[in-house]
Each structure stands twice: as structure tokens, then as C-alpha cells.
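First the structure, in the form of C-alpha cells, and then the observations on it.
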């Protein structure tokens with residue numbers, strides 16, 4: 001039997017998780033290791049170790065001990081132990097001599113019993129265990145990791161103003177607010193005067209609940225109880241509340257839309273789950289991954305094995321439960337690819353209903369028409385497109401392949417996208433569209449240039 005020190009908890013394998021351990025945020029670990037355990041590809045090593053029945057039993061003993069000490073549901077821990085011992089006794093592992101194969105089989109059996117995708121036994125090379133000791137992490141290492149997170153802009157990928165004064169933020173992870181807080185504040189200040197905001201979590205990995213707290217705080221006008229994390233081993237509950245202060249204006253009246261995909265995990269799910277249950281946001285896209293349980297790695301270095309075990313669970317103060325295994329259900333179910341256009345349309349239609357300024361309403365309707373053309377594309381045959389071909393003053397329209405093209409004088413050539421009823425918008429040029437005019441016989445005789453601001457210019461077709 002290996003020394004009991006084999007069960008000492010170590011930081012998770014992801015570099016970001018190690019860094020977050022160092023800044024004292026224990027719950028943070030789950031937000032990224034959950035993703036690592038669900039998505040990680042088993043390591044195939046040339047130095048895969050040969051094992052026998054005696055070693056298999058030792059490994060099962062170690063796994064059972066770890067499960068019974070920390071797994072979030074004690075009854076399920078006992079059920080998983082029972083399964084492994086029965087499988088060993090009835091010879092299910094007898095033909096396995098590869099450590100890698102044994103780890104994969106153990107993972108399969110543990111998941112079959114628990115239906116918990118965070119549970120995982122995996123093979124790791126020797127160097128993994130020599131580099132994983134938290135005590136060996138230096139200040140220089142921390143600074144290097146901080147630089148790497150800064151290089152990734154702390155997860156803030158893209159921020160912009162969409163047509164209709166709708167703010168858009170794309171994130172790829174929720175970094176610890178201690179490091180990414182200034183970037184978050186700058187981002188939210190950029191979005192501060194938007195009439196609606198879309199936060200895109202479709203390609204987001206896990207991260208830190210501290211960033212969930214910070215971002216949520218911008219959309220809430222006072223401290224609100226967001227979530228709890230129950231830790232089974234210590235029988236403790238850690239509460240997470242939104243902040244009483246944020247750097248910059250709050251966005252409490254701004255409509256909020258959150259985009260999700262089937263691979264949106266952990267911290268990103270928590271943000272969506274919290275804001276949905278507070279009735280502060282509308283979720284658009286796909287049901288999320290369903291990775292709510294905080295998880296940590298427990299090493300069996302003598303066997304080159306690492307066990308990932310969920311050690312706690314989220315408890316939402318509103319629902320009394322979490323999103324583990326079920327994900328966050330979207331309010332509007334569409335494919336992840338369609339989610340942005342659908343959310344933008346939802347935002348614009350809501351804004352149009354309450355808009356009291358004619359000039360703004362015109363711009364909102366302009367944006368809605370463009371998005372609806374993207375959502376429900378009009379297809380015209382080459383013969384139909386040829387009816388618009390011609391020279392109209394300085395404007396020339398030609399057919400190329402399966403679409404109409406536009407060029408003014410000798411300028412750039414643009415592809416046109418049909419919107420129906422003889423109207424076209426310009427691909428890549430938002431502020432100008434064309435309305436063709438027909439005579440009584442259906443022959444196209446004129447084109448009208450339309451701008452977002454309502455201006456028009458008319459040109460007759462040359463004969």
C-alpha cells in the first residue's frame with residue numbers, strides 16, 4: 001500500500017488553476033478543472049506501466065479512501081466503492097495489464113454508477129507529479145502566469161457596439177477578479193451607455209466565481225445573494241454575494257441577454273444560472289454542459305495516476321439546487337450558431353417598443369430588417385438577378401456566380417444580399433441599401449439608394 005501522503009490534495013493540473021490556488025481562492029479550482037476533467041483527452045504514454053491484480057487492488061483501495069473522504073455525496077461514494085470491488089472480485093479487470101487501460105475502465109465504471117462526468121482516473125507521466133507540488137511554485141512562476149493571462153486579456157475577447165446601440169461582449173474564460181478586475185471594469189465602462197447588452201459565453205471555458213460576482217454586480221443595484229458552495233469534507237458553506245461597489249456606472253436598467261452553447265461550462269454556467277434565476281437576463285442558445293460540482297485532483301504518484309473528484313456542490317439560494325448534470329436551460333432554444341442574431345433581434349424589438357424618438361426608431365427598424373434578412377435569407381435565381389443588371393448613374397450592378405454585385409464608378413465591388421421586394425443590402429457596408437423600382441410591365445427602371453438616417457438618392461437605369 002502506498003503512503004497516505006498519496007491522498008494529500010494538490011493543485012489542479014491546469015496552469016491557471018495553480019495560479020488561482022496561490023491567490024487563496026479554493027472554490028476557483030472547480031471552474032476550470034471541471035472543464036479539464038470532462039473534455040481532457042487521455043494521455044497515451046510510451047512508458048505506460050504494467051500492473052497486476054495486486055496493484056489493481058491497491059489502486060482501488062486508494063480510490064475508495066479518497067471517495068469516502070471527499071466525494072460530495074457520501075452514499076454515492078460508497079456505491080462507487082462497492083462497484084469497483086465487485087468488478088474486481090468477478091474478474092472484470094483480470095485481463096487488464098496496462099495502467100492507462102485500467103484508468104479508463106475505472107473511469108467508465110465510476111461514471112456508470114454516479115452519472116458524474118467530473119469523476120475521472122487518468123494516467124500521467126512522472127514529470128507531472130514532480131512539477132505539481134504547490135510548495136515549489138515561485139513568485140516568478142506566478143508572475144509568468146499573470147503575464148500569460150494578461151496576454152489573453154483575462155478572458156475578454158471582444159467588446160463592441162452593435163447596430164441599435166446594443167453592446168456586445170465575448171468572453172473565453174472567467175479569470176480571477178484579482179487579476180482581471182481592471183479589464184472587466186474597462187469593458188463594462190465601454191458598455192455603460194448601451195440600451196441592451198449581449199454577453200456571449202458560447203465558447204467560454206471555466207474560471208473563477210470572483211469574476212462571476214464582479215460582472216453580476218454591474219447588473220444589480222444592491223448586494224444580492226448569488227450562490228453558495230457546500231464543501232462536504234469540512235461540512236461548510238461559502239456564500240457569494242454581488243458587490244456593494246463597482247468601478248463605474250451600474251447597468252441595472254439595461255436589458256441583458258446571455259448566449260450559451262452545449263459546451264458552456266462551470267463559471268460561465270453559474271453566471272447564466274444566477275442571472276436567469278434573478279430574472280435579470282434572458283438566456284438564448286443551447287442548454288449548457290451541466291458542470292456545477294467543484295472538483296480537485298488527488299494523486300497516486302506511485303502508480304502514475306490522478307483521480308479527479310467533485311468535493312462540493314453549488315446551492316442556489318433561489319432554486320435550492322444547481323445545474324449539475326442538467327445544464328442551464330435557454331429561455332429561447334436555438335442553435336449556438338443562430339444565438340447572436342436571435343438575441344440581437346430580441347433586443348432590438350424590445351427597444352423598438354419603448355422607443356419614443358423617431359430618428360432612433362428608424363435606426364432600430366433598419367437594424368431589425370437587416371437581421372431578419374440574415375435569419376431568413378431570400379434566394380434569387382440567376383435569371384431573377386439579371387433583371388437588376390445595368391448602369392444607374394454612377395452605380396453599376398452585375399451578376400457574379402449566384403449573387404448581385406455593386407460598384408460605384410471605379411470603386412470597390414460589393415456583394416449584395418437580397419432582402420425581398422426588390423430590396424438589397426450591401427455585405428460589409430451597413431449604412432446603405434438599394435431599392436429597385438419597376439414599371440407597370442415589371443421591368444426594372446430605377447434604383448433608390450437608402451441610408452440608415454432616412455436619406456434617399458434616385459438614379460434611372462441607362463438604356
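A few remarks follow.
- The residue list 153, 112 contains one member that is farther than 24 Å from residue 293 by Cα and within 32 Å of the chain's Cα centre (by Cα), which is 153.
- Residue pairs meeting the criteria (Cβ under 6 Å; at least 6 apart or on separate chains; first not assigned by TED's automatic domain parsing to the domain that holds residue 163, in the range 354-368; second assigned to a loop (DSSP other than H, G, I, E, B) and surrounded by fewer than 16 Cβ atoms within 10 Å (Cβ to Cβ)): 362/454
- Of all residues in the range 183-209, those satisfying the criterion of being surrounded by fewer than 20 Cβ atoms within 10 Å (Cβ to Cβ) and either at pLDDT below 95 or part of a loop (DSSP other than H, G, I, E, B) (or both) are 192, 193, 195, 203.
- Here residue 162 qualifies as assigned by TED's automatic domain parsing to the domain that holds residue 261, under 30 Å from residue 358 (Cα atoms) and modelled with pLDDT of 95 or more.
- Any chance residue 110 is surrounded by 16 or more Cβ atoms within 10 Å (Cβ to Cβ), in contact with a helix residue (DSSP H, G or I) (Cβ under 7 Å, 6 or more places away or on another chain), under 21 Å from residue 233 (Cα atoms) and not assigned by TED's automatic domain parsing to the domain that holds residue 237: yes
- Of all residues in the range 41-52, none are in a helix (DSSP H, G or I) and either at pLDDT below 95 or out of contact with any strand residue (DSSP E or B) (no Cβ under 9 Å at 6 or more places or on another chain) (or both).
- Output for the range 210-223, where each listed residue is free of Cβ contacts under 8 Å to residues at least 40 places away in the same chain and crowded, with 17+ Cβ neighbours inside 10 Å: 213, 214, 217, 218
- Filtered residue count, the range 249-306, keeping only those that are more than 20 Å from residue 204 (Cβ to Cβ) and in contact (Cβ under 8 Å) with a residue 12 or more places away in the chain: 16
- Which listed residue is surrounded by 24 or more Cβ atoms within 10 Å (Cβ to Cβ) and modelled with pLDDT under 95, from 259, 226, 305, 289: 289
- So residue 140, is it at pLDDT below 95, touching a helix residue (DSSP H, G or I) at 6+ places or on another chain (Cβ under 9 Å) and assigned to a helix (DSSP H, G or I): no
- Any hit, the range 162-180, residues being in contact with a strand residue (DSSP E or B) (Cβ under 8 Å, 6 or more places away or on another chain) and surrounded by fewer than 17 Cβ atoms within 10 Å (Cβ to Cβ): no
- Entirely in the range 212-322, the strands (runs of 3 or more DSSP E) that have 3 or more residues that are farther than 19 Å from residue 177 by Cβ and more than 19 Å from the chain's Cα centre (by Cα): 295-300, 305-310, 312-315
Quick grid of which residues meet (1) closer than 20 Å to residue 344 by Cβ; (2) in contact with a strand residue (DSSP E or B) (Cβ under 6 Å, 6 or more places away or on another chain):
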residue	(1), (2)
222	no, no
231	no, yes
234	no, no
238	no, yes
241	no, yes
245	no, no
252	no, no
269	no, no
285	yes, yes
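- Scanning the range 327-357 for residues that are within 20 Å of residue 263 (Cα to Cα) and either at pLDDT below 95 or part of a helix (DSSP H, G or I) (or both) yields 339, 340, 341, 342, 343.
The values are calculated or read from the model by the stated rules, or taken from the named source; none is laboratory data. Since the structure is predicted, the reported quantities are computational estimates derived from the model, not experimental observations. When we count neighbours, we look across all protein chains shown, and the Cβ atoms used for this are built from the backbone with ideal geometry, even at glycine.
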